[in-house]
Amino acid sequence: MKFGWLTLSLAVGLIIPLQQAMNAKMRTFVVNPMYASLVNFFAGAVLGIVVAAIMSASGEPGNWRRATEAPWWAWCGGLIGMAFITAGVLCVPRIGVASFSAAVLVGQLVGAMLLDHMGWMGVIQRQITATRMCGVALLLLGVWLIHRDK
């Protein structure tokens with residue numbers, strides 16, 4: 001079953017560069033990078049509402065009231081999403097989708113390794129190893145190689 005989840009993760013990873021290019025193009029029309037980010041979140045919210053309504057109607061209702069029981073930091077995912085979208089709107093026209101995506105990926109992995117290592121936010125603790133550090137070093141080399149070719 002893990003193969004299916006890895007495949008889904010890969011598919012989402014494949015379309016994120018499209019999202020960045022779309023958002024950068026939106027900025028050329030709305031000018032303000034925050035407006036482009038807001039358009040992105042509005043479209044996502046509309047789709048989210050439609051999908052949630054379909055899921056609720058098909059027997060998977062969810063429980064909005066339980067959201068109030070979540071820790072304060074669980075509410076901040078949207079803030080990080082807004083920062084990510086806005087960074088893409090600002091960076092993609094200047095450094096390109098590949099350089100932006102590569103840098104974001106390395107940043108994600110370093111952040112993920114720190115979360116794993118520290119066991120923060122309820123994740124299973126996994127130590128930072130020399131092998132993992134070598135992987136990050138190779139990814140940093142990849143960012144440099146992708147970006148220097150401009």
task: Using 0.36 nm per residue of separation minus the Cα-Cα distance, give me the extension gain between residue 18 and residue 136 in nm, one decimal.
output: 40.0 nm
- line: So residue 123 and residue 2, fully extended at 0.36 nm per residue minus their Cα-Cα distance, gain in nm 41.8 nm
task: Obtain the radius of gyration and the Kirkwood radius of the chain from its C-alpha atoms and give Rg over Rh.
output: 1.00
- prompt: Using 1/(1 + (r/R0)^6) with R0 = 30 angstrom and r between the beta carbons of residue 43 and residue 108, what's the FRET efficiency to the nearest 0.05?
  reply: 0.85
Highest to lowest packing among 110-118, 35-43, 81-89, scored as the average C-beta count within 10 Å: 81-89, 35-43, 110-118
Relative contact order %, the stretch 98-150, counting alpha carbon pairs below 8 Å whose residues are six or more apart: 43
message: Given a Förster distance of 35 Å, report the FRET efficiency between residue 10 and residue 63 from their Cβ-Cβ distance, rounded to the nearest 0.05.
response: 0.70
message: If I stretch the segment between residue 94 and residue 72 completely, what's the gain in nm (0.36 nm per residue apart, minus their alpha carbon distance), one decimal?
response: 4.4 nm
- prompt: Each residue of the stretch 5-18 in order: what ³J(HN,Hα) in whole Hz does its phi give by Karplus 6.51 cos²θ - 1.76 cosθ + 1.60, θ = phi - 60°, with x for Gly and Pro?
  reply: 5, 5, 5, 4, 4, 4, 4, 5, x, 5, 8, 4, x, 4
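Every read-out reported here was derived from the displayed coordinates using simple, explicitly stated rules and does not represent laboratory data. Given the structure is predicted, the values throughout are model-derived calculations rather than measurements. Using ideal geometry, Cβ is built from the backbone for each residue, glycine included, and neighbour counts are taken over all protein chains shown.
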